[in-house]
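The values are calculated or read from the model by the stated rules, or taken from the named source; none is laboratory data. Being a predicted model, the structure only gives us computed values, none of them experimental. Note that each Cβ is placed from the backbone with ideal geometry, even for glycine, and that neighbours are counted across all protein chains shown.
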Amino acid sequence: MLELIRKGLLASLGAVVMTKERVEKATRSLVEEGKLSREEADNLAEELIRSGERQWEEIQTSLSENIKRAVERVDVARRTEVDALKDRVENLEKRLSMLEERFGGA
């Protein structure tokens, strides 16, 4: 019975997005209906919360990896690379300005 209830809650409430409050409310309701003991409800709530946290971490990791791969495929310059190029351009502009002053350029 407990396993059936657990699967039902995971399916109907979406374990990944379940907040602790929603889990506790759902399990409290099951206790009030006499479907679970308080101990079973507490254990179920802990299990659902741990499962949701694990799934959320997996989703975040997967999303981060997918974004990283997508950015690499687009071949976008990193901020550090852009900053380094800006520094080089500034340095070259200063050197050019000095040469123009020295030799009377445009």
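Given the residues 99, 36, 92, 85, which is the only one that is surrounded by 12 or more Cβ atoms within 10 Å (Cβ to Cβ) and either at pLDDT 85 or above or part of a helix (DSSP H, G or I) (or both)? On inspection, the qualifying residue turns out to be 36.
When the residues of the range 70-82 are filtered to those that are loosely packed, with under 10 Cβ neighbours inside 10 Å and charged (D, E, K, R), which remaining residue is modelled with the highest pLDDT? I'd like the intermediate steps shown before the answer.
The first filter runs over the range 70-82 and keeps only residues loosely packed, with under 10 Cβ neighbours inside 10 Å, leaving 72-75, 78-80.
Among the residues that remain, those that are also charged (D, E, K, R) are: 72-73, 75, 78-79.
Working: 72: 78, 73: 84, 75: 77, 78: 85, 79: 90.
Per the stated criteria, the residue is 79.
The combined condition, being modelled with pLDDT under 90 and surrounded by fewer than 11 Cβ atoms within 10 Å (Cβ to Cβ), is fulfilled by residue 62.
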